[in-house]
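Taking it in order: structure first as structure tokens, then the write-up.
The values are calculated or read from the model by the stated rules, or taken from the named source; none is laboratory data. Please read these numbers as outputs of a predicted model, since none were measured by experiment. Cβ atoms come from the backbone with ideal geometry, glycine included; neighbour counts cover every protein chain shown. With ligands, DNA and RNA removed, areas are computed over all heavy atoms of the protein, side chains included. Shrake-Rupley method; radii C 1.70, N 1.55, O 1.52, S 1.80 Å.
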Amino acid sequence: MNFNPIVMDRWSRKPYFEHYLHHVRCTYSMTANIDISSLLSELKNKQIKLYPALIHMITTVVNHHREFRTCFDSEGQLGYWDSMSPSFTIFHDAEKTFSSIWTLYGEDFHDFYRRYLDDMKKYGSVTQFSAKENEPPNTFPISSIPWVSFTGFNLNVYDEGTYLLLIFTIGKYFQQDDKILLPLSVQFHHAVCDGYHASMLYNELQSRADACTGWLPNDNTFRS
């Protein structure tokens, strides 16, 4: 884990960053559907859970681009992390509440999935806001609303507007014609991400969903 400070005067994005942080502080949300037809079929065949597969997909794309890892550290220094891990919500049906758990990321899905299962076994029944302690600073949030196939989702965060990392919200997948579509909403900060970066994110997520056989286990390791 390493945080790399950005030298503002050497940063090509400096005028855009300063405009959307200091002059017109601006965040925006985008919701788009991801076609998970092939992904869902492969996961069902291998008896792998969808939620951790989506978390891994998202985190992989985040780690491929510096723009998605740019933020302020605890001392207010602007920079970017070498890599990030996901902090995701889980639901407690009895209490109708949720908790947040983080799992250490690795690009190998097999290893990540095992860590996810271990974390769920240890902390999945802990009914408090932060179920797993000692969350590292290089995490970003993912949540799920699996009860509704929303067409738009917007977060209203009343703070100083300096949270620069992406915030992901996954919706309920649905069938449309011969496709299974999953709504995914992402909140961006315009100081670090433009529409191009948002488009790049969604396009790469779709590519990973389409090419899932390339990163899912080749055997049925997780079949019970």
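Kirkwood analysis of the Cα pair distances in the chain returns a hydrodynamic radius of 18.5 Å.
Solvent exposure of Tyr163, expressed as accessible area, is near 100 Å², computed with a probe of 1.4 Å over the protein chains only. Over the chain, dividing the summed -39,500 (n - 2.57) contributions of all DSSP H runs of at least 4 residues by the number of residues returns a 222 nm mean residue ellipticity of -8500 deg cm²/dmol. With R₀ fixed at 41 Å, the C-beta to C-beta distance from Asp108 to His197 puts the FRET efficiency at about 0.95.
Spatially close Lys pairs in the chain, defined by Cα atoms under 17 Å apart and a spacing of eight or more places or different chains, total 6.
Heavy-atom surface analysis with a 1.4 Å probe gives the chain a carbon and sulfur content of 48 percent of its accessible area. Summary of packing: across the peptides 169-178, 4-13, the per-residue average of other C-beta atoms within 10 Å ranks them, highest first, as 169-178, 4-13. Size descriptor for region 17-110, Kirkwood hydrodynamic radius: 16.4 Å (Cα pairs only, one decimal). Excluding ligands, DNA and RNA, the accessible surface per residue across the chain is 53 Å² with a 1.4 Å probe.
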